[in-house]
1. Closer than 28 Å to D72 by Cα, open to solvent by 30 Å² or more (accessible area, probe 1.4 Å) and modelled with pLDDT under 75, is that true of G447?
2. Anything in region 214-261 that is crowded, with 17+ Cβ neighbours inside 10 Å and in contact with a Gly (Cβ under 6 Å, 6 or more places away or on another chain)? List them, or say none.
3. Could you identify the single residue in T144, T128 that is of a type in the set (S, T, Y) and open to solvent by 10 Å² or more (accessible area, probe 1.4 Å)?
4. Can you find a residue that is under 29 Å from the mean Cα position of the chain (by Cα) and within 30 Å of D75 (Cβ to Cβ) anywhere in region 185-201?
5. So which of T215, T207, T186, T231 is of a type in the set (V, I, T) and within 30 Å of Q302 (Cβ to Cβ)?
6. If D177 satisfies all but one of (1) buried (at least 23 other Cβ atoms within 10 Å of the Cβ); (2) in contact (Cβ under 8 Å) with a residue 60 or more places away in the chain, what's the number of the condition it fails?
7. Considering only residues of region 272-297 that are buried (at least 18 other Cβ atoms within 10 Å of the Cβ) and touching a helix residue (DSSP H, G or I) at 6+ places or on another chain (Cβ under 6 Å), which is nearest to R235 (Cα to Cα)?
8. Determine which member of the set L167, L157, L97 is modelled with pLDDT of 95 or more, touching a His at 6+ places or on another chain (Cβ under 9 Å), surrounded by fewer than 24 Cβ atoms within 10 Å (Cβ to Cβ) and closer than 30 Å to L14 by Cβ.
Amino acid sequence: MSRTHPELKTPPALAEGGLRIVALGGLGEIGRNMTVFEFGGKLLIVDCGVLFPEEHQPGVDVILPDFTSIRDRMDDVLAVVLTHGHEDHIGGVPYLLRERRDIPLVGSKLTLAFIKAKLEEHRIKPVTREVAEGDTLDFGPFETEFLAVNHSIPDALAVAIRTEAGLVLHTGDFKMDQFPLDRRITDLRGFARLGEEGVDLFLTDSTNAEVPGFTLSEGDLVPAIETVFRTAPKRVIVSSFASHVHRIQQVLNAAHAHGRKVAFVGRSMVRNMGIARDLGYLDIPKGLVVDLKQMDKLPADQVCVICTGSQGEPMAALSRMANRDHVIRISEGDTVLLASSLIPGNENAIYRIINELTRWGANVVHKGNAKVHVSGHASAGELVYCYNIVKPRNVMPVHGEWRHLKANGELAIKTGVHPRGVVLAEDGQVVDLVDGRVRVTGKVSAGNVYVDGATVGGATEASLKDRRNLAEEGVITVVAIVDADTGLLAETPDFLARGFVHDEGTFDSVVPLIEKALAKAAEEGVGGALQLEQLITRAVAGWANRNGRRSPMIIPVVIDA
């Protein structure tokens, strides 16, 4: 396997007739999927998603791909192909269109409907091209062909990209469910046809590459969901991704069969399910869905609520229910069904919510104690199956953490792909396909871009470190009145502390240290306010570390007397 090196620098100019592939997200992580293809001076982008923050990134809403490497080349972007409508594939589109609003968005009917609704909130009216499996479209030197793939959301597509450099097949997120709810299976005949044509580079979903065998069918969840609705004594509250149409269809079917009315809760859930219903992707029996306010008039055993928050997002409906900050108050006998997977990094937040819901008396049914979730991604058996059908010359595993990418690469080698033809890249690393061979030729900027409220890119690793420090170590503000003539303290400093354990006498022992530092500064003729603030900071920081093994943020304020 071809492995990359940390010393990689800016890549050379692309060789004539070569195809360049740069993932700006989605490699080494679950989310933020975005891949840029370059040929003949033009760019084609596949997906533009977001990554959701972890606990060590306080205050961050979402994390975007870094557009720096293409910012000066927006006029060269011919289109953005969207493989499906999950947030980790479309969530970054509004921010990309801020750079250039008329970039055409290409996707299936449901995918475009989801992104249009999202863009309305950003007051952007996009240029769109709707496609379906079997369609082909030309964008400059890129010829694209779309193939049906099965995933945990309807209308997912793989895309084949033909250029003079060769044929690339990008699976997007997929699995090989042979009994999907919508009867739309992954187009293995199409994969085989492309294999006969000759696939020069195969980009494959790596999420479940470590999982042996085949991913279970969505239909296998029916018994567990039925059991929940049959046995729940009071309300059933289901939490799921707001785009997980198949799973929500199963919940609606079960609720209807057991005489329960359903209310959707959460802005994105209400919006997306309305879109899915209007486009015919969601079959809702007449009278089944009611307004949340009507639920108060129904007996508890006739109520089902479907809400957001399956990943422990602090502002989502389920988190607010767990924190007693929602109109729905969890009570003894309620059943909460978590019908989604645990995205890596979210485990602590999810288990905290499970504990709180249990504390209020709910019976929480989740992946750990019942078969209420199946993955939307191909397991190792399915990946091997695809490699044997496609017989690619080169493979680039995508969509996964490093361990997933490596496991996927090893599967490709076992099926006969030459080790030098398997390239394990990381975000920002440049992969060139020239004369039928792939190699890593350099690296471009691909860091995390944080969305913090209305600010994009304002938060940095340094500012996040400050936030973590404030949360974990506290803050001490020192107000020191200094005699302008002597440079010494005019009176005892005032100390204001938050998140730092203290009492009335805690800071008495630090005052002599500040006096000593200021006296030394006065002897050496140091009297600038900034310099004195730095001296006070060092004195207080050293004291806090020695006496409490703490490293609080120190905010010194020097006032001339």
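The values are calculated or read from the model by the stated rules, or taken from the named source; none is laboratory data. These numbers come from a predicted model, not from an experiment. Positions of Cβ are backbone-derived with ideal geometry, glycine not excepted, and every protein chain shown enters the neighbour counts. Heavy atoms of the whole protein, side chains included, go into the accessibility calculation; ligands, DNA and RNA do not. Shrake-Rupley method; radii C 1.70, N 1.55, O 1.52, S 1.80 Å.
1. Taking the combined requirement at face value, the residue does not satisfy it.
2. F214, K234, S239, S243
3. The match here is T128.
4. Restricting attention to region 185-201, the residues satisfying the condition of being under 29 Å from the mean Cα position of the chain (by Cα) are 185-188, 191, 201.
Now restrict to residues that are within 30 Å of D75 (Cβ to Cβ): 201.
Yes, some residue in region 185-201 is under 29 Å from the mean Cα position of the chain (by Cα) and within 30 Å of D75 (Cβ to Cβ).
5. Unique residue meeting the criteria: T231.
6. (2)
7. Filtering region 272-297 for residues that are buried (at least 18 other Cβ atoms within 10 Å of the Cβ) and touching a helix residue (DSSP H, G or I) at 6+ places or on another chain (Cβ under 6 Å), the one nearest to R235 (Cα to Cα) comes out as L282.
8. Values: L167 fails: touching a His at 6+ places or on another chain (Cβ under 9 Å); L157 fails: surrounded by fewer than 24 Cβ atoms within 10 Å (Cβ to Cβ).
It is L97.
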